[in-house]
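Written out below as structure tokens is the structure these notes cover.
Only the coordinates and a few stated rules stand behind these numbers; no lab work does. Just so you know, these numbers come straight off a predicted model, no measurement behind them. A quick note on method: Cβ atoms are made from the backbone with ideal geometry, for glycine too, and the neighbour counts reach across all protein chains shown.
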Amino acid sequence: MELGNENYLMTAKTQYGLEDLLVEELKKLGAGSVEKHNRAVSFVGDKGFMYKANLCLRTALRILKPIKTFNIVNEEGLYREIGKINWEDYMKVDDTLAIDCALNSDFFTHSQFMAQKAKDAIVDQFRDRHGKRPSVDLESPTLRINLHIFKNACTVSLDSSGESLHKRGYRNQTNIAPINEVLAAGMIMLSGWDKRSPLIDPMCGSGTLLIEAAMIANNIPAGYFRKRFGFEAWNDFDSALWDTIFNAAIDKISEESLQITGVELLAETAEMAKQNVLNAKVEDTVQVFNTSFMDFEPWEHIKKTVGKPILIMNPPYGERLESDDLQALYKSIGDTLKKKYAGCEAWIITSNIDAMKSIGLHHTRKISLYNGPLECKFLKFSMYEGTKKIHKIKND
Ligand SMILES: C[S@@+](CC[C@H](N)C(=O)[O-])C[C@H]1O[C@@H](n2cnc3c(N)ncnc32)[C@H](O)[C@@H]1O
């Protein structure tokens, strides 16, 4: 096991489209040798930095610590190579384990099968030495192991995050289509919001965008509300170091005077958003109104004191709506933006490009993202004061 101050290579995994943000976050946090990959960024840091990365990164899903890379030609090769690792360096026989496997290979096609083979190699090593074996716990294992197989190269990593980092710990109330917290933070960062101007999510659902915005602006670490990180169960866990990292991060929390506003049509969902806002302790910054975006009178509630107000929204994409209703909804979103939000910027994420055409506004930027499995566009619109006409520059 390395000492606390030894540097090693790590990989932060993210979603498609958020890699550049993650590169910036890592550099700002002090990572060395930062390199962008497909849905991942590699970097170098020590154990304390690994703790800090898990606590602070907003656009990372997991932080992996590679322990071995080798080539394999078949499943038996994987079994053999995994069996050469001394697993007692990382876990005890009474601990539990889970193995995730990501495959990008013409030689191997069944990630479940490869994970199973790797698990067999580990438990057989313990059984041979101790006559008993660790058990599997897919939900909450002591040690989460990650296999990444690209062509015939296999990298075995320890997953220092445990549960995915999008599980921030503040959202115990969700509606039917909540956006993932990592994507929400990424959208806010991509929008270029200055962390001071009023921010509005006029279809806020369970409040994810509002809470992520408040956490960004107040420097609340992304993982501040999490109960647990994977590395806390590792046998080299340094609790004094973790306390130091945690306390240094929370010392940076500020209390900015901000106006972050959510609007939600459904009463029950608006209540969920309010509860999540309380869970995240950002109720002084975030207000939620239970009404329709079309009926909401923003300037009765929001003062246009600093900067240009920005709307960031994730409207329904239509999985549960008739096509005509969806076209009508998007048309009225466009009409409302033109009528009530002159002088503001709006960013809208949707997978429904057809419905988006009904909005009747021209976008000035377009970014490709994924919301779960759905390919989406994140589009920017600028509503100019006075003319109610939309700037026509296309910047795709
Ligand atoms: C895709 S969900 C938003 C999810 C949200 N980003 C979250 O993380 O929970 C869309 C939300 O828009 C709400 N909605 C639909 N029509 C609306 C309207 N006219 N005004 C306000 N909210 C509306 C729905 O009730 C739903 O909660």
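List of remarks:
- Distant alpha-carbon pairs in segment 8-159 (separation over 22 angstrom), percent: 44
- Virtual spin-label span in nm between LYS68 and VAL306, 7 Å along Cα→Cβ: 5.3
- Mean residue ellipticity (222 nm) of the chain, computed from DSSP H runs ≥ 4 via -39,500 (n - 2.57), nearest 500: -9500 deg cm²/dmol
- Hydrodynamic radius of the chain per Kirkwood, over alpha carbon pairs, in Å: 22.8
- Stokes-Einstein diffusion of segment 228-293 at 20 °C, 1.002 mPa s viscosity, Kirkwood radius from Cα pairs, rounded to a whole number: 145 µm²/s.
- Estimated inter-spin distance, LYS27 and SER135, nm [label 7 Å along Cα→Cβ]: 4.8
- Across the chain, C-alpha contacts under 8 Å between residues 6 or more apart give a mean separation that, scaled by the residue count, equals a relative contact order of 14 percent.
- Two-site FRET efficiency, SER368 against PHE150, from Cβ-Cβ distance with R₀ of 30 Å, rounded to 0.05: 0.85
- Inter-site label distance for VAL44 and ALA248 at 7 Å from Cα along Cβ, in nm: 1.9
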